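The numbers here are math on the coordinates, done by the rules we state, and not lab data. None of the values given here were measured: they were computed from a predicted structure. So basically every Cβ, Gly included, is an ideal-geometry build from the backbone, and we count neighbours across all protein chains shown.
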Amino acid sequence: MGAEGAAPLRVKICGLRRREDVLATDEAGADYVGVILSAGFARSVDLGDAPGLVEGVRATPVAVLVDESADDAAVRAEALGARVLQLHGSEPEDVVRELSRSGRWTLWKSVRARAGDDVDRAVDRYGAWVDGLLVEGWREGVVGGGGVSLHPERFADLRSRVPSGLDVVLAGGLDPDNVAGAVARFGPDVVDVSSGVETEPGRKGHELIRLFVRRARAAAREATGEDAHATPSRREPPS
């Protein structure tokens, strides 16, 4: 982000459990719809319900998985029709390598970061095998960021810590009110939100989704010097 000719910012809405929320996300122009397919979490979706949840949408389905084996991850991703796998646990390198070598999916590996060194270690451990790192704040005992934003000073150099061949997926504590500042500050390739666009756990606010997408994209255009009134992309709704 920030360089002339940089790819447009992409937007992911995660933790989707209801068909009407998926459709609203797609209509809002988000690039990705994220579905948690590992069991035991507040927003987990039963495998049998997954295909119908995302059927017919233009946005790319993302299978969010936590500490699955490579075989189980593949089964769950295929059930959803996912084109992106988001590995959100403490997956060992052999699992990540096996999924990468299959060549069937784009792979994102999450990093719960307390400091920049955590990002460096993730790059060293997974960078050769994944297409992006999802970076979010750290909280004790929580899988996922738990709504924790990255510290603006501690991660001021986030972009430079991640090699240019890897996407930076920014998550943790984002909402329609702060996403513009986060885009300007960290320069991510993708922004990812779940609870920040909910009216209650597991239920998305459709106007919140629209605001999040619109404000994230406007901030990205401003950061790259694009015309804020330029014609929207096909994944972006009109203002």
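Based on alpha carbons, the Rg and Dmax found for the chain are 16.5, 46 Å. With the simple model of a label 7 Å out from the Cα in the direction of the Cβ, ARG18 to GLU78 spans 3.3 nm. The convex hull built on the alpha-carbon positions of segment 75-142 has an orientation-averaged projected area of 4.8 nm².
Between TRP129 and GLU222, what's the calculated FRET efficiency when r is the beta-carbon distance and R0 is 25 Å? Round to 0.05.
On the way: r = 34 Å, r/R0 = 1.36.
Once the sixth-power term is evaluated, E becomes 0.15.
Net charge in the neighbourhood of VAL111 (other residues with Cβ under 13 Å of its Cβ; Lys, Arg +1, Asp, Glu -1) is -2. Label-to-label distance for GLU55 and ALA39 is 2.4 nm, based on points extended 7 Å past Cα in the beta-carbon direction. The DSSP beta bridges internal to segment 10-224 are antiparallel in roughly 5% of cases. Placing +1 on each Lys and Arg Cβ and -1 on each Asp and Glu Cβ, with no other charges, gives the chain a dipole about its Cα centre of roughly 340 debye.
GNM remark for the chain: springs join alpha carbons under 10 Å apart, and the peak mean-square fluctuation among VAL190, VAL162, VAL130 falls on VAL162.
Above 16 Å, the calculated P(r) of segment 1-87 contains 50 percent of its Cα-Cα pairs.
How much net charge surrounds SER164 when only the other residues with a Cβ under 13 Å from the Cβ of SER164 are counted, with Lys and Arg +1 and Asp and Glu -1? Each step should come with its number before you reach the end.
On the way: positive: ARG159, ARG161; negative: ASP131, ASP167, ASP189.
Taking every other residue near SER164 into account, the sum is -1.
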